[in-house]
């Protein structure tokens, strides 16, 4: 697999949106040569105790796009998130755009279709999304050519999206003092995760790198922007030339001590459907709770 060479002279404007419930950072990325933009990892709010959906985060993004007279062309999912529900279809209904995810969503759908005992009406071919990206694919946001890198390990469908001098890493990497994503979900693999991170670290050192989550280790302020060079030098899990064997051992031991994300059960059911909530035969939105499956 060849890592694409980015156009470092193309500098998109990146605006961030932080959701404190899930510690998710979503982004609106504007083409520097037009009013076209992309939205990345949009959040739909969910009160699990009440079983109630709301759209404060997605509305904030929509209001920003409209206030700045931007044209939404793409709504990107870096992967099937386990810690928040996707607001992609809500934003699409308001502002348009195509919803895209990595082609290995089909693997995720097959895996979790079994976990949630989905029937044959649940399509496992990725057809819920408007576009499925393969490693090395390109697409355009206005006049800006964007490219994708397949980065499995956290999930089979993880992808890093490169837009000019900015890369959006999803959950594959956190801020340098946060390390890397877990690799113990079904379909995850610590060795694959290490290999994927090495592809990211092969990008230009001054490339801006934006993460999808931050938890403020040590009590520091929430942050989401770093660089490839800073990750190579300082990432606590892979910086300064950590070996694959050391990483796999660390990641495996660490993951064994982690609890499941609070919203993993509703999030997976919704996100593998491109943000649509499953319904019963009467059309009521419903979610299942599998027992001893995760």
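Bear in mind that the values in this text are calculations on the coordinates, not laboratory data. From a predicted model like this one, the values you see are computed outputs, not experimental measurements. Because the Cβ atoms are built from the backbone with ideal geometry, glycine has one as well, and the counts that use them run over all protein chains shown.
When the residues of region 95-112 are filtered to those that are over 17 Å from the mean Cα position of the chain (by Cα) and buried (at least 18 other Cβ atoms within 10 Å of the Cβ), which remaining residue is nearest to residue 285 (Cα to Cα)?
Here is the first cut: in region 95-112, the residues over 17 Å from the mean Cα position of the chain (by Cα) are 95-97, 110-112.
Adding the requirement that they be buried (at least 18 other Cβ atoms within 10 Å of the Cβ) leaves 95, 97, 111-112.
Working: 95: 23, 97: 24, 111: 22, 112: 18 Å.
Once the filter is applied, the top-ranked residue is 112.
Kindly list, by first and then second residue, each pair from a residue in region 209-224 that is on the phi < 0 side of the Ramachandran plot and free of Cβ contacts under 8 Å to residues at least 60 places away in the same chain to a residue that is surrounded by 19 or more Cβ atoms within 10 Å (Cβ to Cβ) and part of a loop (DSSP other than H, G, I, E, B), limited to pairs with Cβ atoms under 6 Å and residues at least 6 apart or on different chains.
209/169; 217/178; 223/175; 223/214
Regarding residue 38, is this residue more than 16 Å from the chain's Cα centre (by Cα) and either outside any strand (DSSP E or B) or in contact (Cβ under 8 Å) with a residue 40 or more places away in the chain (or both)?
Working: more than 16 Å from the chain's Cα centre (by Cα): no; either outside any strand (DSSP E or B) or in contact (Cβ under 8 Å) with a residue 40 or more places away in the chain (or both): yes.
Considered against the rule, which asks whether it is more than 16 Å from the chain's Cα centre (by Cα) and either outside any strand (DSSP E or B) or in contact (Cβ under 8 Å) with a residue 40 or more places away in the chain (or both), residue 38 comes out as no.
Please specify each residue of region 19-50 satisfying the condition of being in contact with a helix residue (DSSP H, G or I) (Cβ under 9 Å, 6 or more places away or on another chain) and more than 20 Å from residue 93 (Cα to Cα).
Of everything in region 19-50, those that are in contact with a helix residue (DSSP H, G or I) (Cβ under 9 Å, 6 or more places away or on another chain) and more than 20 Å from residue 93 (Cα to Cα) turn out to be 19, 21, 22, 24, 48.
Give region 100-124 a look and list any residue that's touching a strand residue (DSSP E or B) at 6+ places or on another chain (Cβ under 6 Å) and either more than 17 Å from residue 137 (Cα to Cα) or part of a loop (DSSP other than H, G, I, E, B) (or both), or say none. Outline the logic, then answer.
Restricting attention to region 100-124, the residues satisfying the condition of being touching a strand residue (DSSP E or B) at 6+ places or on another chain (Cβ under 6 Å) are 100, 102-103.
Listed by number, the list holds a single entry, 103.
Give me the strands (runs of 3 or more DSSP E) completely within region 156-217, filtered to those with at least 2 residues that are touching a helix residue (DSSP H, G or I) at 6+ places or on another chain (Cβ under 9 Å) and under 19 Å from residue 232 (Cβ atoms), ordered by residue number. Spell out how you get there, then give the answer.
Working: elements: 159-163, 166-168, 208-210.
In region 156-217, 208-210 are the strands (runs of 3 or more DSSP E) which contain 2 or more residues that are touching a helix residue (DSSP H, G or I) at 6+ places or on another chain (Cβ under 9 Å) and under 19 Å from residue 232 (Cβ atoms).
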